[in-house]
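These notes concern the structure reproduced below.
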Amino acid sequence: MRKNYIFIFTLILFLSTIIFAQTQTTTKTQPPKKPATIFVLHALTFSNLSKGNLEKDLKSLDDTFKMSIPIYHPAIGLNLSFYTKLQQKGLPYPSMINRILKNLVNILNSSELPDKTTINIVLYTEDDKDLYNGKTLFLTFPLSAIKEYNKTKDLNKFGSQIIVFLETEKLEYKNGVFTAKNYDFEWILKI
């Protein structure tokens with residue numbers, strides 16, 4: 001009989017421990033997951049860009065100049081890519097970059113894009129004599145920098161907000177001039 005009491009007491013103690021443990025454990029409910037929004041790349045047809053002088057302006061420098069369709073994605077910003085076979089020691093031509101920026105300032109300033117949009121410009125120069133000697137220049141800056149430049153006309157401040165890479169080397173900026181350590185390249189920013 002005594003063994004039965006001990007068994008019942010142990011069973012009650014065991015069950016009460018389990019019940020107590022269950023009430024003390026906080027059950028975390030997962031918040032409902034939101035449906036994923038897949039952003040499709042939107043090809044922006046800038047009517048101003050096609051009506052502007054950009055291509056005409058640059059064709060006078062190089063008749064192989066081509067501009068691909070501008071592509072906008074909310075995460076990566078606006079991507080503008082240009083291509084040329086122009087050769088000056090195989091490097092992208094500074095006058096061409098200045099003309100691209102000059103033509104884009106008014107167009108981008110009047111665009112409907114959010115101010116936080118990143119503008120990414122890629123200029124690829126192919127070398128006919130050496131296929132492996134092509135060079136790529138990357139420029140990136142916020143749209144707000146263009147809007148600010150349009151108001152203040154402070155070219156130095158605008159230049160300091162542009163991040164520039166020639167191939168993988170980040171160019172240094174000082175007083176309106178971008179220079180490379182590893183390349184014979186100097187770009188004086190003029191808009």
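Listed here are the residues, each with its yes/no results for (1) modelled with pLDDT under 90; (2) surrounded by fewer than 14 Cβ atoms within 10 Å (Cβ to Cβ).
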site: ILE107; (1), (2): yes, no
site: GLU112; (1), (2): yes, yes
site: ASP115; (1), (2): yes, yes
site: THR118; (1), (2): no, no
site: LYS129; (1), (2): yes, yes
site: ASN133; (1), (2): yes, no
site: PHE138; (1), (2): no, no
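Name the pairs whose Cβ atoms lie under 8 Å apart, with the first residue in the range 100-118 and more than 23 Å from LEU137 (Cβ to Cβ), the second at pLDDT 90 or above and open to solvent by 10 Å² or more (accessible area, probe 1.4 Å), and 6 or more positions between them or separate chains?
Cβ pairs passing all conditions: ASP115/PRO142; ASP115/SER144; ASP115/LYS147; LYS116/PRO142; LYS116/SER144.
Test ILE100 against the criterion of being open to solvent by less than 20 Å² (accessible area, probe 1.4 Å), closer than 27 Å to LYS56 by Cα and assigned to a helix (DSSP H, G or I), and give yes or no.
Numbers: open to solvent by less than 20 Å² (accessible area, probe 1.4 Å): yes; closer than 27 Å to LYS56 by Cα: yes; assigned to a helix (DSSP H, G or I): yes.
It is true that ILE100 is open to solvent by less than 20 Å² (accessible area, probe 1.4 Å), closer than 27 Å to LYS56 by Cα and assigned to a helix (DSSP H, G or I).
Considering only the range 62-71, I want to know if a residue exists there that is open to solvent by 60 Å² or more (accessible area, probe 1.4 Å), in a strand (DSSP E or B) and of a type in the set (A, V, I, L, M). Write out each step before concluding.
Keep residues of the range 62-71 that are open to solvent by 60 Å² or more (accessible area, probe 1.4 Å), which gives 63, 66, 69, 71.
Then drop every residue that is not in a strand (DSSP E or B), which leaves 66, 71.
Subsequent filtering for residues that are of a type in the set (A, V, I, L, M) retains 71.
Yes, some residue in the range 62-71 is open to solvent by 60 Å² or more (accessible area, probe 1.4 Å), in a strand (DSSP E or B) and of a type in the set (A, V, I, L, M).
Collect the residues in the range 154-170 that are open to solvent by less than 50 Å² (accessible area, probe 1.4 Å) and under 19 Å from THR84 (Cβ atoms), keeping them in residue-number order.
Across the range 154-170, the qualifying residues are VAL164, LEU166.
Among the numbered criteria (1) open to solvent by less than 30 Å² (accessible area, probe 1.4 Å); (2) modelled with pLDDT of 95 or more, which one does TYR173 miss?
(1)
Consider LEU123 carefully, then state whether it is in contact with a Leu (Cβ under 7 Å, 6 or more places away or on another chain) and over 18 Å from LYS59 (Cα atoms).
On the way: in contact with a Leu (Cβ under 7 Å, 6 or more places away or on another chain): yes; over 18 Å from LYS59 (Cα atoms): no.
Considered against the rule, which asks whether it is in contact with a Leu (Cβ under 7 Å, 6 or more places away or on another chain) and over 18 Å from LYS59 (Cα atoms), LEU123 comes out as no.
Could you pull out the residue among LYS181, LYS151, LYS147, LYS190 that is open to solvent by 40 Å² or more (accessible area, probe 1.4 Å), of a type in the set (Lys, Arg), touching a residue at least 12 places away in the same chain (Cβ under 8 Å) and assigned to a helix (DSSP H, G or I)? Give the steps one after another, and end with the answer.
Working: LYS181 fails: assigned to a helix (DSSP H, G or I); LYS151 fails: touching a residue at least 12 places away in the same chain (Cβ under 8 Å); LYS190 fails: assigned to a helix (DSSP H, G or I).
The unique qualifying residue is LYS147.
Restricting to the range 103-136, and then to whatever is over 18 Å from the mean Cα position of the chain (by Cα) and either of a type in the set (Phe, Trp, Tyr) or assigned to a loop (DSSP other than H, G, I, E, B) (or both), can you tell me which residue is farthest from TYR183 (Cα to Cα)?
Step one: list which residues in the range 103-136 are over 18 Å from the mean Cα position of the chain (by Cα), which gives 103, 106-107, 110, 125-135.
So of that shortlist, the ones also either of a type in the set (Phe, Trp, Tyr) or assigned to a loop (DSSP other than H, G, I, E, B) (or both) come out as 110, 126-130, 132, 134.
Details: SER110: 36, GLU126: 16, ASP127: 16, ASP128: 19, LYS129: 18, ASP130: 17, TYR132: 15, GLY134: 13 Å.
Taking the candidates together, the pick is SER110.
Can you tell me which condition GLY159 does not meet? The list is (1) in a loop (DSSP other than H, G, I, E, B); (2) of a type in the set (Gly, Ala, Ser); (3) modelled with pLDDT of 95 or more, and all the others hold.
(1)
Considering only residues of the range 85-102 that are modelled with pLDDT of 80 or more and polar (S, T, N, Q), which is farthest from the chain's Cα centre (by Cα)? Can you show your working first?
Initially, the range 85-102 is screened for residues modelled with pLDDT of 80 or more, giving 85, 91-102.
In the following step, the residues that additionally are polar (S, T, N, Q) were identified as 95, 98.
Values: SER95: 23, ASN98: 20 Å.
The residue in question is SER95.
The values are calculated or read from the model by the stated rules, or taken from the named source; none is laboratory data. All of these numbers come straight from a predicted model, not from anything done at the bench. Cβ: placed from backbone, ideal geometry, glycine included. Neighbour counts: every protein chain shown. Heads up: the accessible areas ignore ligands, DNA and RNA and are worked out on the full protein's heavy atoms, side chains in. Shrake-Rupley method; radii C 1.70, N 1.55, O 1.52, S 1.80 Å.
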